[in-house]
Structures are given as C-alpha cells and as structure tokens.
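Notes follow the structure.
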Number of protein chains: 2
Amino acid sequence: MALHLSSLFLRTLREDPADAEVPSHRLLVRAGYIRRVSPGVYTWLPLGLRVLRNVEKIVREEMDAIGAQELLFPALLPKEPFEATGRWTEYGDNIFRLQDRKGADHLLGPTHEEMFTLTVKDLYSSYKDLPLSIYQIQTKYRDEARPRAGVLRGREFVMKDSYSFDIDEAGLDKSYQLHREAYIRIFDRLGFHYVIVEAMAGAMGGSKSEEFLATAEVGEDTYVHCTSCGYAANVEAVRVPAPDPVGWEGTAAAHAEDTPDTPTIETLVAHLNERFPREDRSWAAGDTLKNVVVMLVHPDGTREPLAIGVPGDREVDEKRLGAQVEPAEVEAFTEADFAANPALVKGYIGPGALGLEGSSGIRYLLDPRVGEGTRWVTGANVAGQHVIDLVAGRDFTADGTIEAAEVRPGDPCPNCDHTLSAARGIEMGHVFQLGTKYAEALDLQVLDQSGKLVTVVMGSYGVGVSRAVACVVEGNHDESGIIWPRELAPADVHVVVAGKDDALFVKAEEIARELEVQGLTVIVDDRKGVSPGVKFKDSELIGVPTILVIGRGLAEGKVEIKDRRTGERREVAVDDAVAALTAEVTAEVERS
Amino acid sequence: MALHLSSLFLRTLREDPADAEVPSHRLLVRAGYIRRVSPGVYTWLPLGLRVLRNVEKIVREEMDAIGAQELLFPALLPKEPFEATGRWTEYGDNIFRLQDRKGADHLLGPTHEEMFTLTVKDLYSSYKDLPLSIYQIQTKYRDEARPRAGVLRGREFVMKDSYSFDIDEAGLDKSYQLHREAYIRIFDRLGFHYVIVEAMAGAMGGSKSEEFLATAEVGEDTYVHCTSCGYAANVEAVRVPAPDPVGWEGTAAAHAEDTPDTPTIETLVAHLNERFPREDRSWAAGDTLKNVVVMLVHPDGTREPLAIGVPGDREVDEKRLGAQVEPAEVEAFTEADFAANPALVKGYIGPGALGLEGSSGIRYLLDPRVGEGTRWVTGANVAGQHVIDLVAGRDFTADGTIEAAEVRPGDPCPNCDHTLSAARGIEMGHVFQLGTKYAEALDLQVLDQSGKLVTVVMGSYGVGVSRAVACVVEGNHDESGIIWPRELAPADVHVVVAGKDDALFVKAEEIARELEVQGLTVIVDDRKGVSPGVKFKDSELIGVPTILVIGRGLAEGKVEIKDRRTGERREVAVDDAVAALTAEVTAEVERS
C-alpha cells in the first residue's frame, strides 16, 4: 500500500534542530526519519524504519550469501562471561550496567563475543562442525562519553556482528576473506565511498584487522593513505619503517653540556644553535630526542609509569598510544608523580634515568625512528643540562619500541617510496582476526581429527547498521535534502499531486496502484491545502530518487518525471508514466 | 537456499532441560530453537529466529492492513516521562533501572505509552492529523519476580505494541474495534485456540478492555466463561450482579449475642447451629458477613488500612483485590497494625467499627452480594460476641462496593441465567481503551474543529510476539515434538535422506532446488553417519509440517511424503514429488 502524506506519521521541519552538527543529523531529523529521545538514543519514525530495514536487508542478503547463519542474542547479558574475558572491567564507563531485583549484575551488550563463543561451546564439540559463521542484526548499547551526530554515534544502535569459528589459522584466513568480500559487496550496495584501511589488531598483535571507513569530512577517524601504492591505514595502525642500522665509528663521544633554561624543545634548539652551532646545518627539533612520561592505569587498577622516546619534532599521539597500551588507560604524569620519582628531572629527562639500565627503573620504549646508530641531543637528567652526540645502541638502549608518535601527511609510505596523505572517515565495518583470545578465556575447544582437544580460532566482523543510514546521507545529499540510493530509499517513486483539481488526486492514486502492481513502492503526497511549492520542497528533503509530478500538464495528458539526484526533468505522456518509471527503477536496480 | 542439517547451527537434545516445566519450553530447547542465557533471557537460534520472524510477519501484515504505521522506539528510556505518568514509581521492582556515566536515570522500557504519547505530541497538533494508529515490534524488558517457562514469561521479550490517537470517544471506539478485528485475524493465523475475555479497565474504570487468552493448561491466567451465552472474563474483571434491594419490614432488630471462642467462620457457624438453631434451615457460612482488613501501600509510600466485607463462604481473592486497588499494593494486616487500631477486635470485627460511621474510621467496602436488605451475622467488635439479624442498609452502610471476593465455577453468569465455568489461559493480546490518562499526564492536546484545545483519547494494544512462539507450541505438539502450523514453520518441507547411497543425497538436493523454485522453503537432513532412525526422530522433534523421505524406495522411483500432524504417509513417484508437495503446501496456505 502506498504511503500517503495526508496520513503518514511525519512532520518535516524547515529549521535545523539546534543540536545537529552534521548534515546527516540535520536532514534525517528535518525530513522526519528519526527523532531524539535522549543523547544518542533515537526513535525511528516510519520513513526511517523503512530505510533501516533496507540496510538490514542488504546486510542479511550478503551474509547469507557467504553461508553465515543468522540468530539473535539478547541485549541483557549476565556479568559472569564478561568477567571471564576481563571485559567487565576493561569496558570501564563505556558499558551500561544494571542489577536485577535479586541483585545479580547484568550489562547491556556492547558486542557479543562472549555469547557467541559460549553458544558454540554449548552446541559444538568436533572439528566436523567447523567452519561455522554465525551472525545477528541486533540492538547494542554503549555508554558513549560523547554521543553525537544523531545516529552516527549513538548509545543505542543496531549492529550486524558475526563471528567465524575455525579449526586453525588457515580456516580463519578463509573465513576472514569471505567476510571481507561480503563487506565489499555490502558497502558497494549501500552507495557511499569507502576505503579499507589496516587497523590495529589489538594488544595481542599478530592477527589481521581491517576497517571499512566511509570517507567523510565529519568522520571521527583519521586515516592515512598512499595515492601511489594504495596503502591505507588508520593512524593507530600505521607502522613507521625502522631505518637501517648505522655504524657509529668516528662519531664523537657523548658529552653533557650546560643548557640552562631549556626545558622545551624550542628553547633547547635555540640554545644549541646559539652555543653549539654546526657547520653543515642548523640544529632542528628533529635532532633532539624527547622523552615523555605517562602513567598507565591497568584494568586491575595498578599504575605504571611509562617513558616514550620520540624525535623532538613529533608529539606523542594519544590515540596511537592508547591503542598500543590497551587495555591499560593513559593518564598524565602529574607533579606528584614526578615528586615520587626523583630520578626524573622534568624538562631534562634522558635515557640514563629510564629503562632497564636507568636509575628510575621506569619502562622505556622508543619510536622506531630512533634506530641503532642514530645520534641525538637529549636530557642529561640534571636540570639545565643536555647530552649531545648520544648514539642509540652505543650510549643507550631501551626496553623496546612503540608506535606512539604522531603520523603526519607527508610521512613516508611504509609500503613504497611515496608519501602518505591524511583523510577522515567514519568506521562502518571492521573485520578482525580474533585468534584464540575468547576461545581460550571461555575454554572453547573441539576434538580435532586425531581426537585431540584444540582451541577454536575465531574471527569477528561488524557492520554499523543504524550508523549506515546516517553515513549514506553524509555521502548523498545536497542543500535541499537527502538523495537516497535506490536500494535504500523509503520508496521508489514520490508522487506529488501539484494542484487542487480532484482529477489530479484520482490520477495519482491510479498511477500509484499501477506502480505497485509492477512491484514498486510509492509515496503519494496527497495533502490538501498544501501548496505545490511546499510539496516540492518536501519531496527534495525526503529524497526519494524518482519524483513524479502530476499537475497542470495533466489536462494535456502530460506528467513530469524528475530525477532527485541530477535534477533532470522530463515530461512524459501520462499513459506512459508507469512504464517509464518502472523501466527507470528496474534499470537502476540492475545496474547497482 | 535450503537449510542443511549437516551445517545448520543446531543440536537437538534427547533429554529435557532440567529447568523446563512446560511442554513448549522443553520442546523449543530440545529441538534447538532457543537457548537460555539467564533466567527469562533467551537466545534465538537459527530455526527459532525463523519462527519468530514468521510471527512478526503475521502481526505486521495485519497491523498494516488496518492502516497502523510501524515505527521503532528505543528500549533505553529516560526517567522523566515515566515520572510524569507516575509509572517510574508504580512499576516498583518490575522494571530494570540503570544510570548512565553521568548519573542520569534510565529504564528499559516495559511498554511505551509515554514515548508514543510524547512523539505524537511532538509531531501533531490538529484534529486533522487524527485518527492515528502507530505500532512497533520491539524488544521489551520486565524484571519478573518469577521468570518461567522459557519464552512464555521472559525478562527480555518481543512485543508488538500499538497505540491509537483519536479526537473523541467515538473515534476511540472505532480504532479499538479495528484493532480487535486485526487481533482476531492474527490469532486465527497463529493457529492456537483462544478466547476473548473481558478484562479490568484499570483503576480509572469506565473504559473497555479485553484480553486474548490462549487456552492452555499451563496458563497463568484464570478466566471464567459461560457455555450458554458466551460471556468470558478474566477473574479480575468478573462483575457480580448485585441482588435487587429487599425490604426489611418484619425483620427482627439486630441483637448482639455471646458467641465465645468463635473467631473463625467455621466455629461461628457451629456455635450458631448449637445455640441459635433456626427452624427453616441450618446456619451456613453464607449467612455470615466476614470483614477482612488489609493494608494498602500507595505508590507514594503512604499506608492505608482497608476493610472488605464478603459473605463468609468466600475468600478475598488476592488478584481481584489487587486489580481493584491498583496502583496500590496489598499487604497483610499485622498484629502490630491491630494493636495500632484498637477498635478492630480480631475475629470479631463488625461494620460498627468500620467505614465513615464506624469508630475506627477505616474505609469499608462491601461485596456486591451484601445488597440492601440482606441479613447477616457478623462481628460485634467485642471479643466473643456477634450480632445477629444485622440488615444491610438498615443497620449499617459502607463506603462503597468492591469486586474482591473469589469467583467460583458454578457462580451465576452475570449475563444470562446459566452458571460460570473456570479455565486457564495465557495472555497473548490485550486491547485497552486508555482514554485520556496518558494524554493528560503528558499534556497531549490538539486543536479541534472550533480551534479549541482538546485532550487526545488513546487506546493501547499489545501482542506477545516471542511469547506467541511458545504459545503455539503449547497448542501444537505431541510426545514426539513440535507440530508447526504452516505459516509459522521454519520451513515448508523437511527432506530426510534415509540411507547412505550417494544417489539419495543427489536426489534430495535436486528436489530441494525445485521446491525452492516453486517458492517453498526447505530443510534437508543431509547428515552423513546419522541413522535414518535418528533423522526421523529429529524431523518429528523439529516439527516441519511436511516431511519428505528419500530412502530405499528411490531405486524403484518412489519417495514418501509424511504429514507431521496426522502421521499419514503416502508413497509418490519421485518425479511427482515436487508437484505433490507444492500442491499440498499451497492448498494449506490458501485454506488458512
């Protein structure tokens, strides 16, 4: 049955909602697709629910096509499995917790690794049962610190999450590849531009992880990419190539020098150029080694200072650092912390105080650029003194390397000899080789061919379903409103009755019925007392890809077909309208 | 694509789960439809999800057919609207409450009256916008004191809830009738027996309310019905006809008598027959007026004693009383309460101490049977004394009547001159004229034709969607397993490969493909190393209505079609199998 705007539960708004920062949020609210209930919690009005269901349908079809099986877990989950995996603690404030009337602890599931793992453990016991891919399209909850941008980052949202279960790594690779290909088909059908970027594989490391980012100005994720070789990675995942080791024969011995009042890189460089000028080139920030100390807070509450050495021309990037030390949280190193660690002289910290060999015993990790044989100016652990000609590998070593320095456009591509560019995106999908982390924590084992118990190897795969609705709008709108891709549109054709004559209304109903017989979905703007101008505006705001205007021309047997995306209009004979529209929609669906 | 049991995420169980009390729970777990996560919280495995979606589809089609519009509210709801309607308090322990990271209070929606009302208020402003019916099929939460019977009474469950919005009572009547008719179609299609019973309209009274109860031994709701006139009501809603007033001319004056040691009806009746024998007939419990005192706890925490007078041969029914005093809760009247109310002499309480005219000032409500002119023996408010020949209306009055006495099979039908029978049922649907309760609390008004603001009149309508899955099984199973009605079955045909010969497997796939071309859904039991006996057992447990056995007969070109419900088997030529099955399924669907 066609939707009629005279009765549809819809009110379009002329004004942007006050809290809307991004186009998709503005337009989805103004066009009557969603309505805010509380920060990050939205109602899907009839048109919005249609689009949401269309996204779900695409995701479901592509998941089914790779043999994944759909099931449905509850959102209200008991604490115990999340304690077994440590996530009850790790999630901190980011999950909603609650107690039932008997005082038992529960959470609202942010993702369902534990439940999938336990259910497979419950049902399966043999290698013969594998491989298995199961998924759900389900409502999830996260107590976001900053819910924003409508349904782009919500506290209640719909996700497709799937998990693969394999007997070994080779099986996981296959399942991962199947999901990756399915995701490519899903995002192609959803109709927005995206990039696949390398992502952090988590603290365990080793396994593969990629994100599907919709390219968007309003995105919260920064990624870098190389226009030459196609390499792309989110900033957390960028690996800085370590320079080849350099010999230090002939390099002067390290020598401490008075550098009074140089607690910052800027003051230090100025001082070096004034007091210790070099012949070949001036001192620059990149010649100095900056040692930054932070406080790690581990999930069990223990606090551990960590020192990071980076070239002085780079900052430590919070996101990159956070991803490296996960599940620990990073806090600033306070004056009190300095007081408790007297070996650290603020502004003049050097390797001599750090790491296994240092006086403070504080763990010390270096940026990969600080490779063997590289030469630095750095703190002497005495106020007002720095060491010059300190050579890595000769004069100091660290406890390891860390990828925590900021990534900048223009940095060398780790994959070829070009440089990286930066861009922003919205995380729309994630494929991730979990390995045995959850299977081990929850003891998911099966018998292999030789009758031996082996731990199952898992993959985890997510698509933001409600987020996709916003994401599609980010990539498909103009100043007048939304422009839905055909497969997502709440209807195929939006019929505007532009006039007061009864004959227009009668004809609109007749055409709507005929279109429906052809399998098309139709919105009819049959409102009385609403001007054609307002109706046109609403049709552009709502964004159905094909608009049929039935107006004055009908007297001469003409109606107008308008393409919402291109703005193209063409008159057709009213008797040809159904055939023309059906052909247009069908052709578009087949192309997509 | 056909489901293949060789890879389907399914394990059937031979043993009943330990915690399963009712057939639907046992069978849904054993046949691999659902899996318990915590009390009243279940996972829908692939077959179960298919059935759940089939129920949703039926509900959706019938709601759409009456012009109701689907939308989707969140489950995570802010406290404020529920405070405005008083439900934040009224729900007590029955809702899940939680706080977000900023300390804001939320609940998990048990029903969505507030959200629907506020959203209509947000979008609509004129009588021209009405009538409106909107609905959602959504996951709901109740912190049940005793979750039981699998998905029959869960803490997380799927419901269809709809609300109608009308400008006046006449509009509400129409919307109510439309929903009622849609519900009849829904429950007819779901394929279980049900009755429509009158239900309590809530504390406000006056408006209409009916429940759709699936008749089932395991049901938690008791209802009464009249086999003669068709009257049916849940016990809370039964109205006891008040007797016509009787004159009291010639009736002896009331007289207090010593009745030592008669604190119970039984001892009193024995005493009366011994010391005050009547000529025409013996004293019986029904001649006495029993005055029961309870303590009401109002939502705001205030405590109010309430006295209820019922004929001595009836108990006060907790459920009926609870429904009458809602939203107050009923607690027992303790010894301490008696001590605080010295006018009440335990075991000898009479009207003289109760009601507006009594010495205690405690509110006093009478069973309708205690009509004007009826004559009673009751307490004299003195230990060891009762009053005889006390006439209602002459010697005492009360503050009103209350329907709190138990209803018994054999009681007169309030509708005709027959008697009532009792039965048990499961509440599957509820249609309810809310009136203006929520619209008033949340200030939902629209302009009427004369430009005056009027309060919108609402109706509320619910269907238990996940509960329906269990309910259907309660009504459709035998000792071997489930017997799905056609429209709900996870597949149309269950193909059993009964043998090891490759040709059987090949033929099964061929037939499955052809059935799918005909639009049928198919399960193929293609497991290797599983005996035909086990496969037959599983097919009966799973309960697909039509089973196709491909076995030894194939060598002679024969296969067997089995009807799960009747057990009927017939051999057909393998080449006719697809046509025969298609005809069977199609005929059944058309009949339904």
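The values are calculated or read from the model by the stated rules, or taken from the named source; none is laboratory data. Since we're looking at a predicted model, the values are computed, not measured. Neighbour counts are summed over all protein chains in view; Cβ atoms, including those assigned to glycine, are modelled from backbone coordinates with ideal geometry. Surface accessibility is based on the protein's heavy atoms, side chains included, excluding ligands, DNA and RNA. Shrake-Rupley method; radii C 1.70, N 1.55, O 1.52, S 1.80 Å.
Show the residue pairs that are 6+ apart or on different chains and have beta-carbon atoms under 9 Å apart, the first residue being within region A:359-383 and without any contact (Cβ under 8 Å) to a residue 12 or more places away in the chain and assigned by TED's automatic domain parsing to the domain that holds residue A:348, the second being of a type outside the set (Lys, Arg) and surrounded by 23 or more Cβ atoms within 10 Å (Cβ to Cβ).
A:361/A:354
For region A:138-149, which residues satisfy the criterion of being open to solvent by less than 30 Å² (accessible area, probe 1.4 Å) and either within 10 Å of chain B (Cβ to nearest Cβ) or in a helix (DSSP H, G or I) (or both)?
From region A:138-149, those open to solvent by less than 30 Å² (accessible area, probe 1.4 Å) are A:138, A:140-141, A:143, A:149; that's our starting set.
Once the filter is applied, which keeps residues that are open to solvent by less than 30 Å² (accessible area, probe 1.4 Å) and either within 10 Å of chain B (Cβ to nearest Cβ) or in a helix (DSSP H, G or I) (or both), region A:138-149 yields A:138, A:141, A:143.
Within region A:127-134, does at least one residue satisfy the condition of being hydroxyl-bearing (Ser, Thr, Tyr), open to solvent by 10 Å² or more (accessible area, probe 1.4 Å) and over 30 Å from residue B:103 (Cα atoms)? Spell out the reasoning first.
Restricting attention to region A:127-134, the residues satisfying the condition of being hydroxyl-bearing (Ser, Thr, Tyr) are A:127, A:133.
Filter again for open to solvent by 10 Å² or more (accessible area, probe 1.4 Å), leaving A:127, A:133.
With the extra rule that they be over 30 Å from residue B:103 (Cα atoms), the set shrinks to A:127, A:133.
Yes, there is a match, as at least one residue in region A:127-134 is hydroxyl-bearing (Ser, Thr, Tyr), open to solvent by 10 Å² or more (accessible area, probe 1.4 Å) and over 30 Å from residue B:103 (Cα atoms).
For residue A:52, work out the one condition from (1) more than 8 Å from chain B (Cβ to nearest Cβ); (2) more than 25 Å from residue A:299 (Cβ to Cβ); (3) within 20 Å of the chain's Cα centre (by Cα) it doesn't fulfil.
With (1) more than 8 Å from chain B (Cβ to nearest Cβ); (2) more than 25 Å from residue A:299 (Cβ to Cβ); (3) within 20 Å of the chain's Cα centre (by Cα) applied to residue A:52, the lone miss is (1).
For the structure I just gave you, tell me whether residue A:40 is at pLDDT below 95, on the phi > 0 side of the Ramachandran plot, assigned by TED's automatic domain parsing to the domain that holds residue A:164 and open to solvent by less than 30 Å² (accessible area, probe 1.4 Å). Spell out how you get there, then give the answer.
Numbers: at pLDDT below 95: yes; on the phi > 0 side of the Ramachandran plot: yes; assigned by TED's automatic domain parsing to the domain that holds residue A:164: yes; open to solvent by less than 30 Å² (accessible area, probe 1.4 Å): yes.
In short, yes.
May I ask you to say which residue of A:115, A:159 is buried (at least 19 other Cβ atoms within 10 Å of the Cβ), more than 25 Å from residue A:297 (Cβ to Cβ), aliphatic (A, V, I, L, M) and more than 9 Å from chain B (Cβ to nearest Cβ)?
The match here is A:159.
Considering only residues that are open to solvent by less than 40 Å² (accessible area, probe 1.4 Å) and either in a helix (DSSP H, G or I) or outside the structural domain of residue B:552 (by TED's automatic domain parsing) (or both), which ones fall in region B:509-521? If you could, list the steps in order and put the result at the bottom.
Residues of region B:509-521 open to solvent by less than 40 Å² (accessible area, probe 1.4 Å): B:511-512, B:515, B:520.
Listed by number, the residues that qualify are B:511, B:512, B:515.
Would it be correct to say that residue B:167 is of a type in the set (A, V, I, L, M, F, W, C) and open to solvent by less than 10 Å² (accessible area, probe 1.4 Å)? Quick ask: steps written out before the conclusion?
Working: of a type in the set (A, V, I, L, M, F, W, C): yes; open to solvent by less than 10 Å² (accessible area, probe 1.4 Å): no.
When the stated conditions are applied, residue B:167 does not pass them.
Which of the residues belonging to region B:544-592 are open to solvent by 50 Å² or more (accessible area, probe 1.4 Å) and in contact (Cβ under 8 Å) with a residue 60 or more places away in the chain?
B:565, B:589, B:592
Scan region A:9-24 and report the pairs whose first residue is within 14 Å of another protein chain (Cβ to nearest Cβ) and whose second residue is assigned to a loop (DSSP other than H, G, I, E, B) and open to solvent by less than 20 Å² (accessible area, probe 1.4 Å), with Cβ atoms within less than 7 Å and a gap of 6+ or a chain change.
Every condition considered, the pairs that remain are A:9/A:45; A:9/B:71; A:10/A:32; A:10/A:45; A:11/A:32; A:12/A:31; A:12/A:32.
Hey, can you tell me all the residues within region A:469-496 that are touching a strand residue (DSSP E or B) at 6+ places or on another chain (Cβ under 6 Å) and either in a helix (DSSP H, G or I) or closer than 25 Å to residue A:155 by Cβ (or both)?
A:471, A:473 - these are the residues of region A:469-496 that are touching a strand residue (DSSP E or B) at 6+ places or on another chain (Cβ under 6 Å) and either in a helix (DSSP H, G or I) or closer than 25 Å to residue A:155 by Cβ (or both).
Within region B:225-235, does at least one residue satisfy the condition of being at pLDDT 90 or above, assigned by TED's automatic domain parsing to the domain that holds residue B:127, farther than 26 Å from residue B:141 by Cα and surrounded by 19 or more Cβ atoms within 10 Å (Cβ to Cβ)?
Looking for residues that are at pLDDT 90 or above, assigned by TED's automatic domain parsing to the domain that holds residue B:127, farther than 26 Å from residue B:141 by Cα and surrounded by 19 or more Cβ atoms within 10 Å (Cβ to Cβ), one finds none in region B:225-235, hence no.
Conditions first: (1) open to solvent by 10 Å² or more (accessible area, probe 1.4 Å); (2) within 11 Å of another protein chain (Cβ to nearest Cβ). Residue A:32 passes all but one, so which condition is the exception?
Condition (1) is where residue A:32 drops out.
Output the residue which, of all residues in region A:118-129 that are more than 10 Å from chain B (Cβ to nearest Cβ) and not aromatic (Phe, Trp, Tyr), is farthest from residue A:71 (Cα to Cα). Lay out the reasoning, then the answer.
Kept after step one, since they are more than 10 Å from chain B (Cβ to nearest Cβ), are these residues of region A:118-129: A:121, A:126-127.
From what's left, not aromatic (Phe, Trp, Tyr): A:121, A:126.
Working: A:121: 15, A:126: 21 Å.
Result: A:126.
If we scan region B:521-529, do we find a residue that is acidic (Asp, Glu) and within 23 Å of residue B:49 (Cβ to Cβ)?
Looking only at region B:521-529, we keep the residues that are acidic (Asp, Glu), and these are B:525-526.
From what is left, the residues that are within 23 Å of residue B:49 (Cβ to Cβ) are B:525-526.
Yes: region B:521-529 contains one or more residues that are acidic (Asp, Glu) and within 23 Å of residue B:49 (Cβ to Cβ).
Conditions first: (1) surrounded by fewer than 22 Cβ atoms within 10 Å (Cβ to Cβ); (2) more than 10 Å from every other protein chain (Cβ to nearest Cβ). Residue B:152 passes all but one, so which condition is the exception?
(1)
For region A:69-108, enumerate the residues that are within 10 Å of chain B (Cβ to nearest Cβ) and assigned to a loop (DSSP other than H, G, I, E, B).
Scanning region A:69-108 gives A:71, A:73, A:74, A:75, A:95, A:96, A:100, A:101, A:102, A:104.
Examine region B:276-290 for a residue that is under 30 Å from residue B:327 (Cβ atoms), open to solvent by 50 Å² or more (accessible area, probe 1.4 Å) and at pLDDT 90 or above, and state whether such a residue exists. Spell out how you get there, then give the answer.
First pass over region B:276-290, keeping only residues under 30 Å from residue B:327 (Cβ atoms): B:289-290.
In the following step, the residues that additionally are open to solvent by 50 Å² or more (accessible area, probe 1.4 Å) were identified as none.
No, region B:276-290 has no match at all.
Considering region A:150-181 alone, what residues qualify as being part of a loop (DSSP other than H, G, I, E, B) and either under 27 Å from residue B:141 (Cβ atoms) or not assigned by TED's automatic domain parsing to the domain that holds residue A:43 (or both)? Please lay out each step first, then the result.
Start the filter on region A:150-181 by keeping residues that are part of a loop (DSSP other than H, G, I, E, B), which leaves A:154-155, A:167-168.
Passing the criteria: A:154, A:155.
Here is a yes/no grid of residues against (1) buried (at least 23 other Cβ atoms within 10 Å of the Cβ); (2) within 20 Å of the chain's Cα centre (by Cα); (3) not in a strand (DSSP E or B):
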{"site": "B:391", "(1), (2), (3)": "no, no, no"}
{"site": "B:394", "(1), (2), (3)": "no, no, yes"}
{"site": "B:416", "(1), (2), (3)": "no, no, yes"}
{"site": "B:423", "(1), (2), (3)": "no, yes, no"}
{"site": "B:426", "(1), (2), (3)": "yes, yes, no"}
{"site": "B:429", "(1), (2), (3)": "yes, yes, no"}
{"site": "B:443", "(1), (2), (3)": "no, no, yes"}
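With the structure loaded, tell me whether residue A:59 is on the phi < 0 side of the Ramachandran plot, more than 7 Å from chain B (Cβ to nearest Cβ) and either surrounded by fewer than 22 Cβ atoms within 10 Å (Cβ to Cβ) or not in a strand (DSSP E or B) (or both) or whether it fails that test. Even if it seems obvious, please write down each step before you answer.
On the way: on the phi < 0 side of the Ramachandran plot: yes; more than 7 Å from chain B (Cβ to nearest Cβ): yes; either surrounded by fewer than 22 Cβ atoms within 10 Å (Cβ to Cβ) or not in a strand (DSSP E or B) (or both): yes.
Yes, satisfied.
Exactly one condition in (1) in a loop (DSSP other than H, G, I, E, B); (2) crowded, with 20+ Cβ neighbours inside 10 Å is false for residue A:51; which is it?
Condition (1) is where residue A:51 drops out.
Out of A:210, A:198, A:220, I need the residue that is touching a residue at least 60 places away in the same chain (Cβ under 8 Å), touching an Asp or Glu at 6+ places or on another chain (Cβ under 7 Å), under 29 Å from residue A:154 (Cβ atoms) and not assigned by TED's automatic domain parsing to the domain that holds residue A:54. Which one?
The unique qualifying residue is A:210.
I need the full set of residues from region A:522-540 which are over 14 Å from residue A:562 (Cβ atoms), open to solvent by 60 Å² or more (accessible area, probe 1.4 Å) and touching a residue at least 40 places away in the same chain (Cβ under 8 Å), in order please.
Within region A:522-540, the first condition is being over 14 Å from residue A:562 (Cβ atoms), and the residues that meet it are A:522, A:524, A:526-531, A:533-534.
Okay, now just the ones that are also open to solvent by 60 Å² or more (accessible area, probe 1.4 Å), so A:528-529.
Across region A:522-540, the qualifying residue is only A:528.
Looking at region B:491-509, can you tell me whether even one residue there is modelled with pLDDT of 95 or more and among the basic types (Lys, Arg)?
yes
So residue A:210 passes all but one of these: (1) part of a strand (DSSP E or B); (2) at pLDDT 95 or above. Which condition number does it fail?
Among (1) part of a strand (DSSP E or B); (2) at pLDDT 95 or above, the lone unmet condition for residue A:210 is (2).
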